[in-house]
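Before any comments, here is the structure.
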Amino acid sequence: MRAWKCMTWGGPGQLELGNMPDPEAGDGQVEITVKACGVNFADLLLISGRYQVRPDLPFVPGMEVAGRVTRVGPGAGSFGVGDKVAAYVKYGGYADKVVAPVTQVVPIPESIPASEAAAFPVSYGSAELALERAELSAGEVVVIGGAAGAVGSACVELAKQRDAIVVACVGDEAKEKVALACGADHIVSSRSRHLHEDIQHAVADGVDVIIDPVGGGFFEESLRVLRYGGRVVVLGFASGKIPSLRLNQLLVKHQSVLGSSFGLTCAKNPDLVAAKWPRLAELLETGQIRPRISHTRPFTELPSALQMLKERKVAGRIVLS
Ligand SMILES: NC(=O)c1ccc[n+]([C@@H]2O[C@H](COP(=O)([O-])OP(=O)(O)OC[C@H]3O[C@@H](n4cnc5c(N)ncnc54)[C@H](OP(=O)(O)O)[C@@H]3O)[C@@H](O)[C@H]2O)c1
């Protein structure tokens, strides 16, 4: 089968398109023939050797796929050959075929295009876990960083499903449009040098929850407007800067900072993740959530797609098809 291979730690330009043997579906796994792949920010970290997962070289990156089940391993439950599915895989997705544990595989309705399905499991799975971790409830104010990014835009949509008030932090006008289309109530610019004042201007009484896939200045500025009892959920550091924190601030304002990892939860608590899929798939089927596709590119253009992501030029998800 065709596969993009990471032969050495580095950037998108060092990936090589070549051939690999087909993977084999083991216990509790299915083989998926891939129709489309979601291009993730974490792929950049994975191929550079800076991700929490460091596979042996060479390996095939790619963590979000859509396609059809073409083989079923023993103990794979109700999945059958021909099922249309999307899946999260630790890596291996940028290939003609991949295997995935069934707890990370979501049945996809025939009405949903493969490109949208490929932008679904990681974004919405991560967003749902993060909002649950924050215990975000109706009427609360949530600030979402990178709100037009793949995970950020999913957070905006799912926060609106919870009837929260969403302040979306985005970098340009195209991203503003995406965040508004996802239902954001207020927009603030991630390029502003007075982010905390801009948030305060939008929501004078402060903020209950911060969802942070960005880190750096976003974390520091948004924390300044977090209310008594507020919660921050740390998802990642797209800015490349890992912030630090003086714990006295949490004490005097009775606040919490929580980490949320979709990938690790898939490994450590697969049943919790599997239990989320039916409702998320129903929201997808009924059009209550809609993955935002920024660009669709051929499979052969993975390096340039990753480069666009690195340069912050993507509003929503790039998909290879
Ligand atoms: N913990 C989890 O469960 C989990 C799951 C999936 C992903 N993640 C992490 O979440 C983050 C976002 O992933 P994603 O796939 O949604 O990525 P994405 O689509 O590229 O979105 C990232 C957003 O971060 C913002 N950003 C700010 N400074 C940036 C910079 N210097 N370079 C690039 N982007 C910058 C950009 O928004 P503006 O330009 O609009 O400011 C961009 O839209 C990554 O760190 C990823 O590793 C975590």
Within segment 25-53, the count of residues that are in a loop (DSSP other than H, G, I, E, B) and modelled with pLDDT of 95 or more comes to 6
Tell me, please, whether a residue that is crowded, with 20+ Cβ neighbours inside 10 Å, of a type outside the set (Phe, Trp, Tyr) and over 28 Å from Glu64 (Cα atoms) can be found in segment 175-191.
-> yes
Those residues that are buried (at least 19 other Cβ atoms within 10 Å of the Cβ) and either away from the ligand (no atom under 12 Å from the Cβ) or of a type in the set (Gly, Ala, Ser) (or both), I need them from segment 222-235; list them, please.
-> Ser222, Leu223, Val225, Leu226, Gly230, Arg231, Val232
Do we have Ala148 as buried (at least 24 other Cβ atoms within 10 Å of the Cβ), out of contact with any strand residue (DSSP E or B) (no Cβ under 8 Å at 6 or more places or on another chain) and in the same structural domain as Asp198 (by TED's automatic domain parsing) here?
-> no
Within segment 88-117, of all residues that are small (Gly, Ala, Ser) and closer than 19 Å to Thr296 by Cβ, the one surrounded by the fewest Cβ atoms within 10 Å (Cβ to Cβ) is Ser111
Does segment 192-202 contain any residue that is of a type outside the set (Ser, Thr, Tyr), crowded, with 23+ Cβ neighbours inside 10 Å and either outside the structural domain of Met63 (by TED's automatic domain parsing) or within 15 Å of the ligand (Cβ to nearest atom) (or both)?
-> yes
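Condition check ((1) open to solvent by less than 30 Å² (accessible area, probe 1.4 Å); (2) closer than 20 Å to Val151 by Cβ; (3) not aliphatic (A, V, I, L, M); (4) not in a helix (DSSP H, G or I)) across all residues:
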residue	(1), (2), (3), (4)
Arg246	no, no, yes, yes
Leu251	no, no, no, no
Val257	no, yes, no, yes
Asp271	no, no, yes, no
Pro278	no, no, yes, no
Ala281	yes, yes, no, no
Going through segment 49-83 in order, the residues found to be within 20 Å of Ser126 (Cα to Cα), open to solvent by 50 Å² or more (accessible area, probe 1.4 Å) and touching a residue at least 40 places away in the same chain (Cβ under 8 Å) are Gln52
Report yes if Thr8 is without any contact (Cβ under 8 Å) to a residue 60 or more places away in the chain and within 29 Å of Gly316 (Cα to Cα), otherwise no.
-> yes
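So that you can scan it fast, the table gives a plain yes or no per residue for (1) under 18 Å from the mean Cα position of the chain (by Cα); (2) in contact (Cβ under 8 Å) with a residue 24 or more places away in the chain:
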site: Phe262; (1), (2): yes, yes
site: Asp271; (1), (2): no, yes
site: Thr286; (1), (2): no, no
site: Ile289; (1), (2): yes, yes
site: Arg292; (1), (2): yes, yes
site: Phe299; (1), (2): no, yes
site: Ala305; (1), (2): yes, yes
site: Ile318; (1), (2): yes, yes
site: Ser321; (1), (2): no, yes
Out of Val214, Val209, Val166, which single residue is in the same structural domain as Ile242 (by TED's automatic domain parsing), within 9 Å of the ligand (Cβ to nearest atom), under 22 Å from Gly125 (Cβ atoms) and β-branched (Val, Ile, Thr)?
-> Val214
Return the total of residues in segment 183-223 being part of a loop (DSSP other than H, G, I, E, B), under 14 Å from Val142 (Cα atoms) and either without any contact (Cβ under 8 Å) to a residue 40 or more places away in the chain or touching a helix residue (DSSP H, G or I) at 6+ places or on another chain (Cβ under 6 Å) (or both).
-> 5
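Matching residues to (1) closer than 17 Å to Ala66 by Cβ; (2) over 22 Å from the mean Cα position of the chain (by Cα); (3) exposed (fewer than 13 other Cβ atoms within 10 Å of the Cβ); (4) of a type in the set (Phe, Trp, Tyr):
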position: Met1; (1), (2), (3), (4): yes, yes, no, no
position: Trp9; (1), (2), (3), (4): no, yes, no, yes
position: Asn19; (1), (2), (3), (4): no, yes, yes, no
position: Ile32; (1), (2), (3), (4): yes, no, no, no
position: Lys35; (1), (2), (3), (4): yes, no, no, no
Checked segment 236-268 for anything of a type in the set (Val, Ile, Thr) and within 16 Å of the ligand (Cβ to nearest atom); matches are Ile242, Val257, Thr265
Tell me, yes or no, whether segment 133-147 has at least one residue that is more than 10 Å from the ligand (Cβ to nearest atom) and closer than 22 Å to Thr286 by Cα.
-> yes
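The values are calculated or read from the model by the stated rules, or taken from the named source; none is laboratory data. Since the structure is predicted, the reported quantities are computational estimates derived from the model, not experimental observations. Every residue, glycine among them, receives a Cβ derived from its backbone with ideal geometry; neighbour counts consider all protein chains shown. For accessibility, only protein heavy atoms count, side chains too; no ligands or nucleic acids. Shrake-Rupley method; radii C 1.70, N 1.55, O 1.52, S 1.80 Å.
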